[in-house]
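One structure is given below, encoded as structure tokens.
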Amino acid sequence: MPDMPILRLGTRRSPLAMAQAHEARARLCAVHGWDDSAVELVPVVASGDRILDRPLAEIGGKALWTRELDQWLVEGRIDAAVHSMKDVETIRPEAIAIAAILPRADKADRLLGAASIADIPAGARVGTSAPRRAAQLLHLRPDLEVVGIRGNVATRMAKLEAGEADATFLAAAGLDRLGEDGIGVRLDPEDWLPAPAQAAIGIECRGDDARARDLLGAIDHRESHAEIAAERRLLEGLGGSCSSPIAALSRTDDGRIALTAAIFSPDGKIRIGDTVEFSADDAQAPLDLARALLERAPSEITEHFGHLD
């Protein structure tokens, strides 16, 4: 048993973030033959966990989930940081590298409060602060009212129970990781597209830390990493932010990725979508898909995204 940890792994303090950090530690210890004490979990309070009364887009976007961990990483206070990849900004600091993506879990959303989208009562209030979920819902059910709900899994479930909304959505992967796999109704991701990089746990380290990159690389799941890279390239090509309604689903088969993506107007009235298939190592195809979607989209959509060259 080492006197000092071999790796210091930073994580947010939320129950889900801690569960993900424990999974990362378990995988590291299993592959390297370490005792649990070899990987120290270092909890950090993220800005996004402190500010719960406003949408992310109003208070700094996805950086609210990564800012403190990035700072601790660059300062050398931790060796690596565990993230939900859907919460990580598309453009990362040059000093930081994505060293590993763990095997991706269920990409689907779950619906709480109704048996299906169609079964939500007319005029009901559906709680979500995710532009993708709001736009996709209103595209299918324009009669419904979207109300903002933020917070961790327990907070959102409590708000639903308190009547702040009649229904809400949670990621299946997060519920599964918290042992809440029996909650809600799974929405087929082929019909209800998830968020880009949903269900993926990523581990970042300093780009110049060859030791950490090597140790973390041992638990990198190549297929999941390729999917996440493709979906993040799509986001890069769209110039999307946390206020842009973007949905994406990757399916991998025999070294090829089929990527379905859709962009929406915030009110859900307009949807532009397409599917492309490409080699898992093709970094250009997701950018081409992004360009094709934006070229087809009217101003009601493009004003919420980056600009074409």
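Every number here is computed from the coordinates shown, using simple stated rules; none is lab data. Keep in mind the model is a prediction, meaning the values are calculated, not measured. No Cβ is skipped: glycine too gets one built from the backbone with ideal geometry, and neighbour counts run over all protein chains shown.
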**Prompt:** Cα axis of helix 222-238 to longest principal axis of the chain: angle in degrees, 0 to 90, nearest 10?
**Reply:** 50
**Residues with amide H under 5 Å from that of Gly239, placed H, sequence gap 5 or more** = Gly306
**Item:** Rounded to 5, the percent of DSSP beta bridges in the chain classed as antiparallel
**Value:** 70
**Asked** Taking only Cα atoms, what is the 0 to 90° angle, nearest 10, from helix 15-32's long axis to the longest principal axis of the chain?
**Response** 40
**Item:** Backbone HN-Hα couplings from phi across segment 170-177 [Karplus 6.51/-1.76/1.60, Hz, Gly and Pro as x]
**Value:** 9, 6, 4, 4, x, 4, 4, 5
**Complete:** the chain, Gaussian network, Cα under 10 Å: of Thr66, Thr11, Thr155, the residue fluctuating most is Thr155
**Request:** Relative to the longest principal axis of the C-alpha atoms of the chain, give the angle of the C-alpha long axis of helix 63-75, reported between 0 and 90° and rounded to the nearest 10°.
**Result:** 10
**Request:** Using amide H atoms built 1.01 Å from N in the peptide plane, name the residues 5+ places from Ile246, or on other chains, whose amide H lies under 5 Å from its own.
**Result:** Arg132
**Asked** Once phi is turned into θ = phi - 60°, what whole-Hz ³J(HN,Hα) does the Karplus curve with 6.51, -1.76 and 1.60 give for every residue of segment 39-44, x standing for Gly and Pro?
**Response** 10, 8, 8, 10, x, 10
**Message:** Between Ala105, Ala19, Ala118, where does the largest GNM mean-square fluctuation fall for the chain, given springs only between Cα atoms within less than 10 Å?
**Reply:** Ala118
**Item:** Euclidean distance of C-alpha centroids, segment 180-223 and segment 261-306, integer Å
**Value:** 22
**Prompt:** Around Ala199, which amide H atoms from residues at least 5 apart in sequence, or from another chain, sit under 5 Å from its own amide H, with H modelled in the peptide plane?
**Reply:** Lys86
**Estimated vicinal HN-Hα couplings, Hz - segment 96-111 in sequence order (Karplus 6.51, -1.76, 1.60; Gly, Pro = x)** = 10, 10, 7, 8, 7, 10, 6, x, 5, 8, 4, 7, 6, 8, 10, 9
**Message:** Please check: in the Gaussian network model of the chain (C-alpha springs, under 10 Å), which one of Ala262, Ala297, Ala218 has the largest mean-square fluctuation.
**Reply:** Ala218
**Message:** Which of the three applies to segment 109-186, rounded, prolate or oblate, going by the alpha-carbon gyration tensor with a ≥ b ≥ c and a/c under 1.5 meaning rounded?
**Reply:** prolate
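Loop by DSSP (not H, G, I, E, B), at most 13 other beta-carbon atoms within 10 Å: where is the longest site-free stretch of the chain for GluC sites (Glu not before Pro)? Write down the numbers at each step before the final one.
Values: sites that count: Glu94, Glu190, Glu303.
Between the exposed loop sites, the longest stretch runs 191-302.
Quick check on the chain: helices-only [θ] at 222 nm, where DSSP H runs of length 4 and up contribute -39,500 (n - 2.57) each and the sum goes over total residues. Nearest 500, please. Intermediate values should be presented prior to the final figure.
Values: 11 runs with 105 residues, N = 309.
That calculation yields -10000 deg cm²/dmol at 222 nm.
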**Item:** Farthest positive-ward along segment 234-302 dipole, Cα basis, beta-carbon charges - from Phe278, Ile301, Thr252
**Value:** Ile301
